[in-house]
Amino acid sequence: MALCKGVRKDGRSCSNVAMDGNKYCWRHEEQGDHQDIAISGVGATIGHLLMPGLGGILLGASTAYVSSRLLIGGHMVKKRVFVSFDFDEDRALKEFIIQQARSSDSPFSVIDHSLKEAAPERSWKDKARSAIKRSEIVLVMVGPKTHRAPGVLAEVKMAREEGKPIVQVIGYKDGNYTAVPNAGRLYLWNWENLKKLLG
């Protein structure tokens with residue numbers, strides 16, 4: 001389930017689910033059409049000036065469109081990821097994924113991580129749901145006991161209720177662990193997989 005590519009009035013990315021066969025939700029569909037046409041038009045003009053003729057127009061328009069999808073305000077747009085993990089058993093996994101998110105070629109940023117504490121405060125579920133709502137995707141880091149971790153199971157349930165896509169990866173090298181129920185396919189943790197899943 002893809003998320004809307006539109007931008008809200010406050011400048012933040014829309015968190016609605018995109019309509020079938022579209023990059024935008026019902027609220028931002030028109031915004032997407034206008035934005036894509038304007039960007040392609042500017043690119044076509046520049047392309048024609050640099051290389052007169054139809055080829056220059058098409059090349060300029062397509063280059064402008066692709067660039068606009070990758071860059072906003074001169075910065076690479078990174079997918080906002082909520083990381084769910086077994087707090088009691090696998091805290092090191094949080095640090096591993098944060099380090100990878102800081103890599104210069106990382107297509108994602110960790111906006112928050114599992115909020116389940118060993119002695120949770122009353123509002124941890126509210127805070128977790130709020131963080132999941134702000135994310136574009138939920139990443140479950142799987143260790144030996146993650147499939148039974150109450151906090152992870154609760155976060156996966158919240159992500160499903162909020163319509164957020166979920167991916168899960170094995171957190172340790174050579175680990176052969178049980179997938180978390182209702183969290184989708186289980187992938188090996190390697191850089192290529194992360195870039196494909198979270199890009």
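Here the stretch 142-199 is the region considered, the condition is being of a type in the set (S, T, N, Q) and not in a helix (DSSP H, G or I), and the residue that is nearest to ASP126 (Cα to Cα) is ASN182. Scan the stretch 158-181 and report the pairs whose first residue is free of Cβ contacts under 8 Å to residues at least 40 places away in the same chain and whose second residue is surrounded by fewer than 19 Cβ atoms within 10 Å (Cβ to Cβ) and among the small types (Gly, Ala, Ser), with Cβ atoms within less than 8 Å and a gap of 6+ or a chain change. Final answer for the pair search is ILE166/GLY184; VAL167/GLY184; GLN168/ALA179; GLN168/GLY184.
For (1) crowded, with 16+ Cβ neighbours inside 10 Å; (2) within 22 Å of the chain's Cα centre (by Cα); (3) modelled with pLDDT under 85; (4) part of a loop (DSSP other than H, G, I, E, B), each residue gets a yes or a no:
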| site | (1), (2), (3), (4) |
| --- | --- |
| LEU59 | yes, no, yes, no |
| SER68 | yes, yes, yes, no |
| VAL83 | yes, yes, no, no |
| SER104 | no, yes, yes, yes |
| ASP112 | yes, yes, yes, no |
| ALA118 | no, no, yes, yes |
| LYS133 | no, yes, no, no |
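The values are calculated or read from the model by the stated rules, or taken from the named source; none is laboratory data. Given the structure is predicted, the values throughout are model-derived calculations rather than measurements. Because the Cβ atoms are built from the backbone with ideal geometry, glycine has one as well, and the counts that use them run over all protein chains shown.
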